[in-house]
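Scroll down for the structure; my scribbles are underneath it.
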C-alpha cells in the first residue's frame with residue numbers, strides 16, 4: 001500500500017472512530033435521560049394508583065354513611081307522617097312538633113314541609129324525589145354526591161396511572177434502541193474492516209433516530225421534573 005493510500009485509510013479509520021465515539025456519547029446521554037424519565041414516570045404510576053385506592057376508600061365510606069343517613073331520614077319521615085295523621089284526628093300536635101322541631105334536621109324538615117304542602121293530586125309518596133327543592137340538600141344526598149365525586153377522582157387517577165404506565169413502557173423501549181446503539185458503536189471501535197464499520201454506524205444511527213422518535217412522541221419526555 002502506498003503512503004498516500006495508507007494515509008487515506010488511516011484518515012478514514014480515524015473518522016469512523018470519531019463517528020463511533022460520537023454515537024456512543026449520544027446513546028449514553030439519551031439512555032441516561034430516558035432511564036431518568038422512566039424512573040419518574042414509574043413513581044407517578046405508583047403514586048396515582050395509591051391515590052386512586054385512597055379515593056375509592058373515601059367514596060365507599062361516603063356511600064356507607066349516605067345509606068345510614070337515608071335509613072334515618074326515611075324512618076323519621078314515616079314516623080312524622082304517621083304522627084301527622086294522628087294529630088289531624090286528635091288535634092294533639094305534641095309528637096309532630098317534637099319530631100319536626102327537635103329531631104329533624106333543617107334539610108329534612110324543609111323536604112317534609114314541601115311534601116306536606118304539595119297539592120294532594122301531585123304529592124309523591126315520599127319527599128325523597130328530585131322534584132323536591134330540598135332533596136339535594138339532604139345529608140344523605142350530600143354524602144352520595146361526595147362519594148360520586150371521589151369515584152370520579154378515582155377514575156381520573158386510574159386513567160393517569162395507565163397513561164403514565166404506557167409512557168414508562170415507551171421509555172423502556174427507547175432504551176432498548178439506545179442499548180443496541182451502544183453495542184454496535186462499541187463494536188465499530190474494535191473491527192478493522194471499513195465496510196463492517198460503516199454498516200455498524202448506519203445501524204447505530206438508525207437506533208438513535210428510532211429511540212429519539214419514541215422519546216419525542218412520548219408526552220413529558222423532555223420535562224425536567
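For the chain, take the longest principal axis of its alpha carbons; what is the angle in degrees between that and the long axis of helix 194-216, to the nearest 10 within 0 to 90?
That works out to roughly 20 degrees.
Relative to the longest principal axis of the C-alpha atoms of the chain, give the angle of the C-alpha long axis of helix 3-90, reported between 0 and 90° and rounded to the nearest 10°.
The two axes meet at around 10 degrees.
Given [x] 36.3, 129; [y] 19.2, 65; [z] 21.6, 75, which label gives Rg and Dmax of the Cα atoms in Å as computed from the coordinates?
Identified label for the calculated read-out: [x].
Would you mind checking the tilt of helix 106-117 against the longest principal axis of the Cα atoms of the chain, expressed as 0 to 90 degrees and rounded to 10?
Helix 106-117 and the main axis of the chain meet at about 60 degrees.
Suppose only helical runs count, i.e. DSSP H with n ≥ 4. What mean residue ellipticity at 222 nm does that imply for the chain under -39500 (n - 2.57) per run, divided by all residues and rounded to the nearest 500 deg cm²/dmol?
Details: 5 runs with 177 residues, N = 225.
Mean residue ellipticity at 222 nm (helix-derived): -29000 deg cm²/dmol.
Computed from the coordinates by the stated procedures, all read-outs in this text should not be read as laboratory data. Treat the numbers as computed from the prediction; the structure is a model and nothing was measured.
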